[in-house]
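Read-outs throughout are calculated quantities, based only on the coordinates presented, and are distinct from any laboratory measurement. Being a predicted model, the structure only gives us computed values, none of them experimental. FYI the Cβ positions are ideal-geometry reconstructions off the backbone, even for glycines, and counts take in every protein chain you see.
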Amino acid sequence: MEKLKTRNKSAHIRILAADDDVMALRLMTYSLVTWGYDVVTASSGEKALEEIERGGVNIVLLDWKMPEFEGIEILQRVRANPPTDGYLYMIMITAMDSVENTVTGLDAGADDYLKKPYSEDELHARIKVGERVVTLERNLAARAAELQEALDSVKQLKGLLPICMYCKKIRNDRDYWQQMEGYIHEHTDANFTHSICPECRDTVVKPMLEELQRRKKK
């Protein structure tokens, strides 16, 4: 489908506008581009599904009545097999304004429901809601990736570590022997302070001090 140029992009949001009414689709697209969105269009349900499956779409404006696949069918297909590149916010647009139709659309997976005829202000407001949801989902996904990276880093210290039984150095991935403190600091965010435990004080430090005292007396 034709990709339209935008100006003043809005948070890198890409919108699919799907409607078989050519004039309605042109007017909607003009408004979306004016607001700074990246826009692709589809004039049939089949083309709308192709654009969704191609990926990269964040928000879908979906007309209910379209050839090949109606909006309800597209909603059901997308929710049954959601995109892997982020949450797809879907707004159903229709002239059918009964409560039953609204419930049917929402139950099929629509995030919002816009009744024709609608004003530009209402369309823009509902898209801004979708933009906030998409942005929140992006932030959550980024945070989840950071947490997974941290978890993977911690997991690097699990398993068997080759450690010298005398000096306690660890053999690293480059086959070099490395001080334990340096190895752990390199693989985690841990830092070290040094002190002496009671056992080492009694078995190592105290005898050394006593030996020094004896030498001084000689």
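What does the charge count near Ile52 come to, summing +1 for each Lys or Arg and -1 for each Asp or Glu among other residues with Cβ under 13 Å from its Cβ?
Values: positive: Arg14, Lys47, Arg54, Arg77, Arg79; negative: Glu46, Glu50, Glu51, Glu53, Glu73, Asp85.
Charge balance near Ile52 sits at -1.
If I compute semi-axes √(5λ) of the Cα gyration tensor in Å from the structure I just sent, which labelled value in (1) 24, 19, 17; (2) 66, 17, 16; (3) 31, 19, 17 lines up?
(2)
How much length, in nm to one decimal, is gained on full extension between Ala24 and Cys197, taken as 0.36 nm per residue of separation minus their Cα-Cα distance? Numbers along the way, then the final one.
Working: separation 173, 0.36 × 173 = 62.28 nm, distance 7.83 nm.
Here the answer is 54.5 nm.
Out of residues 5 or more away from Val39 or on other chains, whose amide H comes under 5 Å of its own, with H placed 1.01 Å from N in the peptide plane?
HN-HN under 5 Å from Val39: Leu4, Ile15.
In whole Hz, what ³J(HN,Hα) sequence does the stretch 53-60 give by Karplus (6.51, -1.76, 1.60; θ = phi - 60°), x for Gly and Pro?
Working through the residues one at a time gives 5, 5, x, x, 8, 9, 10, 10 Hz.
Give me the number: length gained by fully extending Arg215 to Glu122, i.e. 0.36 nm times residue separation minus the C-alpha to C-alpha distance, one decimal in nm.
Fully extending the segment from Arg215 to Glu122 adds 24.3 nm.
Return the subset of Lys169/Lys217; Lys168/Lys217; Lys65/Lys128 for which the Cα-Cα distance in this structure is over 27 Å, preserving the input order.
Working: Lys169/Lys217 37 Å; Lys168/Lys217 35 Å; Lys65/Lys128 24 Å.
Table pairs above 27 Å Cα-Cα are Lys169/Lys217; Lys168/Lys217.
Beta carbons within 10 angstrom, averaged per residue: use that to sort the peptides 143-149, 57-63, highest first.
Details: 143-149: 9.9, 57-63: 25.9.
Ranked from most to least packed, the peptides come out as 57-63, 143-149.
Take each of the peptides 174-185, 68-79, average the number of other beta-carbon atoms within 10 Å over its residues, and list them starting from the highest. Walk me through the intermediate numbers first.
Working: 174-185: 13.0, 68-79: 18.6.
Packing proxy ranking, top to bottom: 68-79, 174-185.
Give me, ordered by chain and number, the residues 5 or more places off Met90 or on other chains with an amide H under 5 Å from its own placed amide H.
Answer set, sorted by chain and number: Val60, Asp111, Asp112.
To the nearest 20 debye, what is the magnitude of the charge dipole of the chain about its Cα centre, counting +1 on the Cβ of each Lys and Arg and -1 on the Cβ of each Asp and Glu?
Details: 31 positive and 36 negative charges, 462 e Å.
So the magnitude is around 2220 debye.
Give the peptides 39-46, 205-212, 108-115 in descending order of average Cβ contacts within 10 Å, highest first. All intermediate terms of the calculation are to be shown ahead of the outcome.
On the way: 39-46: 20.1, 205-212: 10.2, 108-115: 18.4.
Top to bottom by mean Cβ count within 10 Å: 39-46, 108-115, 205-212.
Dipole of the chain (Lys/Arg Cβ +1, Asp/Glu Cβ -1, origin at the Cα centre): which of Gly56, His194, Leu151 lies farthest to the positive side?
The Cα lying farthest towards the positive end belongs to His194.
When the Karplus curve 6.51 cos²θ - 1.76 cosθ + 1.60 is applied with θ = phi - 60°, which whole-Hz ³J(HN,Hα) does each residue of the stretch 126-135 get, with x for Gly and Pro?
Once rounded to whole Hz, the list reads 5, 5, 4, 4, x, 4, 5, 5, 4, 5.
Can you tell which of Leu161, Leu106, Leu151 shows the greatest fluctuation in a Gaussian network model of the chain with Cα springs below 10 Å?
The residue that fluctuates most here is Leu161.
Expected output is a single nm value to one decimal: the length gained when fully extending between Asp107 and Val133, i.e. 0.36 nm times separation in residues minus the C-alpha distance. What is it? Walk me through the numbers before you get to the answer.
On the way: separation 26, 0.36 × 26 = 9.36 nm, distance 1.86 nm.
Full extension from Asp107 to Val133 adds 7.5 nm.
Label points 7 Å out from Cα along the Cβ direction at Ala190 and Thr34: separation in nm?
6.1 nm
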